[in-house]
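S.K.: Got a structure here, written out as structure tokens. Questions coming.
Read-outs: derived from the displayed coordinates by stated rules, not from any lab. Bear in mind that the values here come from a model prediction, so they are computed numbers and not experimental data. Virtual Cβ from ideal backbone geometry, glycine too; neighbours counted across all protein chains shown.
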């Protein structure tokens, strides 16, 4: 199996069961029921529907996409209407002006109007549109990261459940072996063939293994609960990893090649690059506060007055169109301060890009070495399991003949099951580091998820 087959992301093909799961999804959310034995694809599909972190990223992306609509709206005409109704009571007690009628009068008046404003030159709005486009690219990168993070999290949690199951299985197997050895030691002690210290060793080891078994049960329960956090449904059993899987070294075999690809393609770096662009646009937008603005303003007003100070009413229509120039001269230093703030934010974004790039380089190298190390560990531990099994059998035989003490047999049993546990973990680390390496270079694909799922039976 070549390394080129290792690529996975989202957009998984649904199994036949997926349609039924989707139809019952609303009921499952309200009344979650335990999922029967499930594979990696089943768990990932449930997580894609129910994981709050992924849903949060999706809604956030949809919200940020509205920034473009808002930016366009600032460039389009704005229409405003107004209406006013008033009642006036006046009492002219005396006047030297003959046109004023002495006495009390009451009259009403009403005014309504429309104002249309078309921005002609608002440099801050133009930059705001460019900034909104960069924000959308950033939100898409954030969502892409969330999708890939979900794959890694699900795979990690899935493998942790398997590791916890292995730990419990090995603990129970060791407990069964220790129990049998304790019975054998008891018989040997009654016959006077072994000292009492061997009996004490067997009894103490039996208690210790029993405690480890209880601890392993708790760890498995916690691992299943962690899996439920992302699926939204209880999971009781998952498909185990096949006994034999092909181990493929990274291709290319040079860590620097992977790091170079990661620096160019990693979504976290691309996200921060968009953040730097947005910060730069913000500097330009704040600088635009020093520039004049031009608007075309058209207005229409109708004023209907039933009376006036002079007596008698009127109705007046007023239509006006004008070119409005606004030149900011001084605003107390507010614009300059905002520009300085935006420049500091841009500098901070650039430093964060440097930090993120270095972190991706380290993570990529770590994942690359993790794959290679895991392969070596798997091969070495597989041989170690065989050797420890042979050593245990030899010591069990030697115990019956008095060649080995009870403690030697117990230690051999413990070493065997610890080696088996380490062997299983090494295989899981190989799979998980392979995922992380592909994620670092943004080359995960649905085919790789499906191919990885085939390794579980």
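S.K.: Sorting 104, 346 on the 10 Å Cβ count, fewest up front, what's the list?
M.R.: So the residues, fewest neighbours to most, are 104, 346.
S.K.: What ratio of Cα Rg to 2.2 N^0.38 Å holds for the stretch 141-247?
M.R.: On the way: Rg = 20.6 Å, N = 107, 2.2 N^0.38 = 13.0 Å.
That ratio works out to 1.59.
S.K.: Compare the peptides 73-80, 282-289 by average per-residue count of other Cβ atoms within 10 angstrom and give them in order, highest first.
M.R.: Listed from highest to lowest mean packing, they are 282-289, 73-80.
S.K.: Add -39500 (n - 2.57) for each DSSP H run of 4 or more in the chain, then divide by its residues: what number comes out at 222 nm, to the nearest 500 deg cm²/dmol?
M.R.: -23000 deg cm²/dmol
S.K.: Taking 1 over the mean of 1/r across every pair of different Cα atoms in the stretch 273-351, what Kirkwood radius in Å do you get?
M.R.: Mean inverse Cα-Cα distance, inverted, gives 16.7 Å.
S.K.: Let me ask something else. Rounded to whole Å, give me the distance from the Cα center of the stretch 251-290 to that of the stretch 338-399.
M.R.: Cα centres, the stretch 251-290 to the stretch 338-399: 24 Å.
S.K.: Would you work out the relative contact order for the chain, in percent, from Cα pairs under 8 angstrom that are 6 or more residues apart?
M.R.: The value is 28 percent.
S.K.: Could you tell me how many degrees, from 0 to 90 and to the nearest 10, lie between the Cα long axis of helix 267-287 and the main elongation axis, the longest principal axis, of the Cα atoms of the chain?
M.R.: Here the helix axis deviates by roughly 20 degrees.
S.K.: Another question about this same structure. Compute and list, largest first, the equivalent-ellipsoid semi-axes of the stretch 122-190 from the alpha carbon gyration tensor, each √(5λ) rounded to a whole angstrom.
M.R.: After diagonalising the Cα gyration tensor, the semi-axes are 65, 8, 4 Å.
S.K.: List 199, 452 from most exposed to least, where exposure is judged by having the fewest other Cβ atoms within 10 Å.
M.R.: 199, 452
S.K.: Using the beta-carbon distance between residue 115 and residue 58 and R0 = 51 Å, what value does 1/(1 + (r/R0)^6) give for FRET efficiency, to the nearest 0.05? Don't skip to the end; give the middle numbers.
M.R.: On the way: r = 40 Å, r/R0 = 0.78.
With R0 = 51 Å, the Cβ-Cβ based efficiency is 0.80.
S.K.: A follow-up question, please. By the gyration tensor of its Cα atoms, with a ≥ b ≥ c the square roots of the eigenvalues, what is the shape of the stretch 197-254: rounded for a/c under 1.5, prolate for a/b over b/c, or oblate?
M.R.: Taking the square roots of the gyration eigenvalues as a ≥ b ≥ c, the stretch 197-254 is oblate.
S.K.: Right, another one. Which whole-number percent of Cα pairs in the stretch 154-208 have a distance greater than 15 Å?
M.R.: Percentage above 15 Å: 57.
S.K.: Which shape class, rounded, prolate or oblate, goes with the stretch 262-305 when its Cα gyration tensor gives a ≥ b ≥ c as root eigenvalues, a/c under 1.5 marks rounded, and past that a/b bigger than b/c marks prolate?
M.R.: Prolate, because a/c is 1.5 or more and a/b exceeds b/c.
S.K.: Using 1/(1 + (r/R0)^6) with R0 = 35 angstrom and r between the beta carbons of residue 445 and residue 217, what's the FRET efficiency to the nearest 0.05?
M.R.: 0.40
S.K.: Right, another one. For the stretch 204-359, what size does the Cα cloud have along each of its three principal axes, sorted from largest down, in whole Å?
M.R.: 112, 45, 33
S.K.: Using a simple spin-label model with points 7 Å from Cα along the Cα→Cβ vector, what separation in nm is obtained for residue 317 and residue 290?
M.R.: For the pair residue 317/residue 290, the computed spacing is 4.7 nm.
S.K.: Pick the calculated volume of the Cα convex hull per residue in Å³ for this structure from [x] 126; [y] 277; [z] 160?
M.R.: Checking each listed value against the structure points to [y].
S.K.: Cα axis of helix 406-440 to longest principal axis of the chain: angle in degrees, 0 to 90, nearest 10?
M.R.: Computed tilt is about 30 degrees.
S.K.: Using packing as a proxy for protection, rank 316-323, 423-430 so that the peptide with the highest average count of other Cβ atoms within 10 Å comes first.
M.R.: 423-430, 316-323
S.K.: Still on this structure, I have one more. Test of understanding: ordering 330, 158 by Cβ neighbours within 10 Å, fewest first, what list do you get?
M.R.: Numbers: 330 7, 158 28.
Going from sparsest to densest Cβ surroundings: 330, 158.
S.K.: Just report the Cα centroid separation between the stretch 426-440 and the stretch 122-149, whole Å.
M.R.: So the separation of the two Cα centres works out to 31 Å.
S.K.: Let me ask another. If you fit an axis through the alpha-carbon atoms of helix 255-265 and take the longest principal axis of the Cα set of the chain, what angle between them do you get, 0 to 90°, nearest 10?
M.R.: So the inclination is approximately 20 degrees.
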